[in-house]
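Working notes, structure below.
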């Protein structure tokens, strides 16, 4: 079985972000690291490999991004991936969710994986969608927010918390599974693995190498446009009550809640 | 092209609140830009004519019903793609939720459409829709326009209000659904399994959160009673979780969960920014703290400077009484 | 346990932290070959000193492939505990340019600014006295403050740049990696051991526990900065402090502001306000306000900071709050008002000067930068010494290993420092800080005397350990302004903007006595710029109290080690992520 893990480099969650006033996009020039949710995906791949229920021939980490994105691949490899693929091309800059999913699917097409794993969301805003977009282009079944995954023959038995409780779904491979952070506790890479990461095979590809149609990616291929970025609607100043007569105070609170239909 | 198509998720004979909110919103927007306020439902025999037509009371004009597996996204993508193309619909709207995201995303790829996620508000401008979504931990709102049609709008969970606009029964139309091959590859083994008492605080509409001001672990009993009276859940700050007064699953803040309930009642919480970033998007913030200088009083909607030990029990009783 | 010693004064040294330095931080044998990593030169600390050493080494090795080969597969590795080099670095800073120009001879100062770590040459400057909260008196610039021609820089940004240079030259930069033990075998430093990952609050291994690894090196460079986790044990192990004064520390708290009107001059203020002039209070401190032009964004920024000697005796002294207080002075308001705070940070620096510098080499290892105490704290100059010592260490190690790859004697480095500008400058100012302990009015003139005579008076003025000073609860905190979230800030919101997101169940890296007299607990509570130490609301007013340790707030400034606690190595990757400090 061949597993491809989609990983992404994202701005560090703890660093204050700003919007670049010119491009109206998130200023990504600060610190970046591997999307924490993707570490869960790599760990899931490793657990399949080490679990013994199925033979995993190789785990390939795949990313799409500008210059520094290859660091995410080094991290993925230090965590256990056998090799990595780096899709980078100026034509891809400004790609939205749809374009990104399309581009990644073209790389994956060439790899013909049995299983595609990725983190269900990333810290920089794109949530729960890339997996489904990629799956659609690859014509594979897809599930997101998976928190438990076991191999049963040529199927994956997955659990996820859906609107009404926990659903258990059997998915036939090849499939695209987006995992939640509750699925596992990612390992820390050993120093040896970190230092060995640079030596592992890293293939760099451009749009031409995988047959990506230029018009469908990049900011030109984007199907949404940012009109404006505004501060959130100003909240009117709150009301402050000093509690002197608790009975009175409590009545004020209950009325306040009732007015806002919070006691329905 | 015009009109809005929403998706309504059902289970055991009822549509969920999130879906009804989307249907209501779809109806409202369809009135503004013209066209049908259509809904797609996918399922088995429990999707009776009456049940489907009842979506009319939320403003739906047409309900497209397809036979297919429940609780899975890809068959719905097939159904909605067909309806959008056959009927020439301009926008697909989802109320968030797991399936909303999966279906919306699949549809985006299928139809090469633009998509916006975590939308908190939609407005009509010149016959088109503009989606508003918060970014950077709700510190800014982005207005997003669509290039070409259709446009896919995926709302934040419970972002759209359920409005019974009192319309008559919606027209129910059966759709002959041909599933794509890959849409048949997932099989629901068990649906909706309830597991223990884990309350998912991220989905709770009403939260009572406790902080160090509670004084001791037992202080959480006051919070639990109040939450019970309100019909909500209990959350906690990092400090009290650290002290072992409440479990980590309930922790809100920079290193815990982020929530945006309709009501966030903070008892004994100072409101330091590490906590604020986890709850600042709450619709209504009520704070009870004996320290008038606590930062939480700068961003709450209703603040009470007082002793929570005196206030919380009385508040619980008063709410029970008001609810009757 | 006896609390007060009679008149409400208690010294933190009476309550030492539970730590066994030599036992915990020195490893006496190397793991087997297949379990350890072999490296040529291991540099502990990815700040300016460590990275200058790495860069210089690689420059020398680039021209000498034979020696490079002798160093093995990994000739140079830098071990850095922050997420990236620079993440834990903070300084004023105004740098004398020569050392960096020597390190990167092909770069111009305009290149430095384009890279984003330099912010302009100093043209105008001014030194003020602040006798009261409202008045300021410009005084003729004393020699240590003459900065004309120097460059305003950010050490956090400089380290990032140097990391890139080192990586491009072939160094392995191991970030998010703490070095927790010095490996000493047969009386020689054989390398270091990296820290474990995946331990819980009480040190227990969690599900994803990954033990550290022994890193064996032919030469080890300790470039750990102001408080070296391994430097302390090394000094004790090899008696490097013999015959020297104890080290002392100062604590600096800094903010970066985006301002509407660019500041036109470099400013230093030497007090006395906002500190007390009384010798009893023991407060010696000053401030800086530096203009920064960010060439990448075009923003006009200002770096403003307050530094205080940790010698003080009033437990309510808080460097963070004194900085906030200082901002209320009209001199500062004119500069900052209407602006926006975009950065904050805190860091301790070694203040003992020449007499407190330890011996700089031991078998198998050397000390560079702040770890070697090479900072002139009157002029607030240490960056060029960091770079210089890094370069000299690289050259000495290179020469040694070139002749004999198994050499462990790096004493040539000590001589190189003595004879260098760094050695000479440190010698010249060796007595210029000590007199301040006599208070502003007596000490001031003495300091001037020592500065004016350029160190020619043949005397050695002593220091004493800062944690031995008895503390009392004084009145300093009464002047602190209330935070408003816009101009005056509290500690928690400040910690937040450092990017500190240490995981909640990270192991507690702070060793401290948790039940101490109130005077000692208050000292820690006020001193810590990150609000790590708290006293429960219901603690008794006098006598012994409990101390709550919110260690996940810790920004690893190091101050606690000077005043009775001990900062030990945190888990790699934790702590702040300073960008432009």
Criterion: touching a strand residue (DSSP E or B) at 6+ places or on another chain (Cβ under 8 Å) and at pLDDT below 90 - qualifying residue of B:277, B:234, B:241:
B:241
Kindly check whether there is at least one residue in the stretch C:540-554 that is surrounded by 24 or more Cβ atoms within 10 Å (Cβ to Cβ), modelled with pLDDT of 95 or more and part of a helix (DSSP H, G or I).
no
Kindly establish whether residue B:173 is more than 13 Å from chain A (Cβ to nearest Cβ), touching a helix residue (DSSP H, G or I) at 6+ places or on another chain (Cβ under 7 Å) and either without any contact (Cβ under 8 Å) to a residue 40 or more places away in the chain or surrounded by fewer than 22 Cβ atoms within 10 Å (Cβ to Cβ) (or both).
no
Which of the residues belonging to the stretch B:122-151 are more than 9 Å from every other protein chain (Cβ to nearest Cβ), crowded, with 17+ Cβ neighbours inside 10 Å and not in a loop (DSSP other than H, G, I, E, B)?
B:122, B:129
Members of the stretch C:410-419 found to be in contact with a helix residue (DSSP H, G or I) (Cβ under 7 Å, 6 or more places away or on another chain) and either assigned to a helix (DSSP H, G or I) or modelled with pLDDT under 95 (or both), listed by number:
C:412, C:413, C:416, C:417
Could we say that residue A:210 is closer than 26 Å to residue A:137 by Cβ, away from chain B (no Cβ under 13 Å) and more than 21 Å from the chain's Cα centre (by Cα) here?
yes
Anything in the stretch C:450-486 that is within 13 Å of residue C:434 (Cβ to Cβ) and in a loop (DSSP other than H, G, I, E, B)? List them, or say none.
C:455, C:457, C:459, C:460, C:461, C:462, C:463, C:464
Being touching a helix residue (DSSP H, G or I) at 6+ places or on another chain (Cβ under 8 Å) and closer than 30 Å to residue A:13 by Cβ is the requirement here; does residue C:578 meet it?
yes
Report the residue count in the stretch C:138-184 for those that are away from chain A (no Cβ under 13 Å), touching a residue at least 60 places away in the same chain (Cβ under 8 Å) and touching a helix residue (DSSP H, G or I) at 6+ places or on another chain (Cβ under 8 Å).
13
What are the residues in the stretch B:43-57 that are in contact (Cβ under 8 Å) with a residue 40 or more places away in the chain and in contact with a strand residue (DSSP E or B) (Cβ under 9 Å, 6 or more places away or on another chain), if any?
B:49, B:51, B:52, B:53, B:54, B:55, B:56
Considering C:269, C:325, C:316, which residue is at pLDDT below 95 and outside the structural domain of residue C:478 (by TED's automatic domain parsing)?
C:269
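This table checks each residue for (1) more than 14 Å from chain B (Cβ to nearest Cβ); (2) at pLDDT 90 or above; (3) assigned to a helix (DSSP H, G or I).
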residue	(1), (2), (3)
A:170	no, yes, no
A:196	yes, yes, yes
A:233	no, no, no
A:240	no, yes, no
A:253	no, yes, yes
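Rundown of residues vs (1) crowded, with 18+ Cβ neighbours inside 10 Å; (2) within 15 Å of the chain's Cα centre (by Cα); (3) within 14 Å of chain B (Cβ to nearest Cβ), yes/no style:
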{"residue": "A:44", "(1), (2), (3)": "yes, yes, no"}
{"residue": "A:50", "(1), (2), (3)": "no, no, no"}
{"residue": "A:58", "(1), (2), (3)": "no, no, no"}
{"residue": "A:67", "(1), (2), (3)": "no, no, no"}
{"residue": "A:81", "(1), (2), (3)": "yes, no, no"}
{"residue": "A:84", "(1), (2), (3)": "yes, no, no"}
{"residue": "A:90", "(1), (2), (3)": "no, no, no"}
{"residue": "A:105", "(1), (2), (3)": "yes, yes, yes"}
Can you say whether residue A:225 is more than 8 Å from every other protein chain (Cβ to nearest Cβ) and modelled with pLDDT under 90, as far as the supplied structure shows?
no
Examine the stretch C:235-243 for a residue that is crowded, with 21+ Cβ neighbours inside 10 Å, in a helix (DSSP H, G or I), in contact (Cβ under 8 Å) with a residue 12 or more places away in the chain and away from chain A (no Cβ under 14 Å), and state whether such a residue exists.
yes
Restricting the stretch B:182-199 to residues that are surrounded by fewer than 16 Cβ atoms within 10 Å (Cβ to Cβ) and within 7 Å of chain A (Cβ to nearest Cβ), the one modelled with the lowest pLDDT turns out to be B:195
Only strands (runs of 3 or more DSSP E) wholly contained in the stretch B:240-317 count here; list those with 1 or more residues that are facing another protein chain (nearest Cβ under 8 Å), surrounded by 22 or more Cβ atoms within 10 Å (Cβ to Cβ) and without any contact (Cβ under 8 Å) to a residue 24 or more places away in the chain.
B:284-289, B:302-305
Lone qualifier among C:499, C:543, C:531 - being within 14 Å of chain A (Cβ to nearest Cβ), touching a residue at least 40 places away in the same chain (Cβ under 8 Å) and on the phi > 0 side of the Ramachandran plot:
C:499
Residues located in the stretch B:86-106, provided they are closer than 26 Å to residue A:228 by Cβ and either at the interface with chain A (Cβ under 9 Å from one of its Cβ atoms) or within 15 Å of the chain's Cα centre (by Cα) (or both):
B:93, B:94, B:95, B:96, B:100, B:101, B:104, B:105
Within the stretch B:188-228, residues on the phi > 0 side of the Ramachandran plot and not assigned by TED's automatic domain parsing to the domain that holds residue B:316 come out as B:192, B:196
Go over the candidates A:110, A:145 one by one and state the one that is buried (at least 21 other Cβ atoms within 10 Å of the Cβ) and either more than 9 Å from every other protein chain (Cβ to nearest Cβ) or part of a strand (DSSP E or B) (or both).
A:145
Quickly run through the stretch C:188-234 and pick out the residues that are outside any strand (DSSP E or B) and within 18 Å of the chain's Cα centre (by Cα).
C:223, C:224, C:225, C:226, C:227, C:228, C:229, C:230, C:231, C:232, C:233, C:234
State yes or no: is residue A:176 under 24 Å from residue A:103 (Cβ atoms) and within 9 Å of chain B (Cβ to nearest Cβ)?
no
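Table: residues versus (1) touching a helix residue (DSSP H, G or I) at 6+ places or on another chain (Cβ under 7 Å); (2) more than 14 Å from chain C (Cβ to nearest Cβ); (3) more than 22 Å from residue A:101 (Cα to Cα); (4) at pLDDT 90 or above.
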residue: A:3; (1), (2), (3), (4): yes, yes, no, yes
residue: A:13; (1), (2), (3), (4): no, no, yes, no
residue: A:24; (1), (2), (3), (4): no, yes, no, no
residue: A:35; (1), (2), (3), (4): no, yes, no, yes
residue: A:41; (1), (2), (3), (4): no, yes, no, yes
residue: A:63; (1), (2), (3), (4): yes, yes, no, yes
residue: A:70; (1), (2), (3), (4): no, no, no, no
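The values are calculated or read from the model by the stated rules, or taken from the named source; none is laboratory data. These figures come from a predicted structure and were not determined experimentally. Every residue, glycine as well, gets a Cβ built from its backbone with ideal geometry; the counts of neighbours run over all protein chains shown.
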